[in-house]
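Everything on this sheet refers to the single structure shown next.
What follows is calculated from the coordinates using simple rules that are stated; it is not laboratory data. Here the structure is a predicted model, which is why all the values come from computation and not from measurement. A quick note on method: Cβ atoms are made from the backbone with ideal geometry, for glycine too, and the neighbour counts reach across all protein chains shown.
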Amino acid sequence: MFKLDENLLRELGLVSLPPVEKNKMLAHIYETLEMRVGMKLAEQMTNEQLDEFENFINKNDEPGALKWLESNFPDYKKVVADQLENLKIEIKASAPQIIAASRPESTEA
């Protein structure tokens with residue numbers, strides 16, 4: 001499907017981030033993507049489906065949740081891909097500010 005790694009950061013113009021900031025950025029991308037995909041899919045779910053899916057999430061049963069998504073929302077991978085593309089566009093537009101914010105302030109007087 002896709003990988004959240006150094007190559008993604010390169011594509012986004014964030015490869016020059018310090019290692020700690022790279023890890024934070026990848027975690028942020030993952031969390032944001034997960035939230036957006038969840039919200040998009042939730043819009044299409046009935047209350048019953050939401051309850052079923054939440055049971056997998058509450059049990060931290062990722063394989064079960066993925067299997068459930070595949071059988072109930074076969075196009076969920078397209079939702080993930082679309083949301084990732086949207087997120088990448090947003091991050092690319094902010095890359096210069098993100099890089100600037102990651103640089104330590106000069107403490108020399």
Query raised in the report: Helix 19-44 versus the longest principal axis of the chain: what is the Cα-based angle in degrees, 0 to 90, to the nearest 10?
Result: 30 degrees
Report summary line: For the stretch 6-102, the Debye formula with one identical point scatterer on each Cα and no solvent gives log10 I(q)/I(0) at q = 0.10, 0.18, 0.19 Å⁻¹ as -0.35, -0.86, -0.91
Requested in this report: Take peptides 74-83, 93-102 and line them up by average Cβ neighbours within 10 Å, highest first, as a rough protection proxy.
Outcome: 74-83, 93-102
Report summary line: Distance in Å, no decimals, from the C-alpha centre of the stretch 1-33 to the one of the stretch 59-109 is 8 Å
Query raised in the report: Suppose every K and R has +1 on its Cβ and every D and E has -1 on its Cβ; what is the size of the dipole of the chain about the Cα centre, in Debye to the nearest 20?
Result: 400 debye
Query raised in the report: How far is helix 62-72 tilted off the main Cα axis of the chain, in degrees rounded to 10, range 0 to 90?
Result: 60 degrees
Query raised in the report: With the dipole of the chain worked out from charges on the C-beta (+1 for Lys and Arg, -1 for Asp and Glu) around the Cα centre, which of His28, Asn47, Ser102 lies farthest toward the positive end?
Result: Ser102
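Tell me the mean residue ellipticity at 222 nm calculated for the chain from its helices only (DSSP H runs of n ≥ 4, each -39500 (n - 2.57), averaged over every residue, nearest 500).
Numbers: 5 runs with 83 residues, N = 109.
Mean residue ellipticity, 222 nm, calculated: -25500 deg cm²/dmol.
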Query raised in the report: Exactly which trypsin sites (Lys or Arg not before Pro) in the stretch 7-70 are in a DSSP loop and have at most 16 other Cβ atoms within 10 Å?
Result: Lys59
Query raised in the report: Near Lys22, which lysines are there with a Cα under 24 Å away, not counting those fewer than 8 places off in the same chain?
Result: Lys3, Lys88, Lys92
Query raised in the report: With axes computed from alpha carbons, what is the tilt in degrees of helix 47-58 against the longest principal axis of the chain, rounded to the nearest 10 within 0 to 90?
Result: 50 degrees
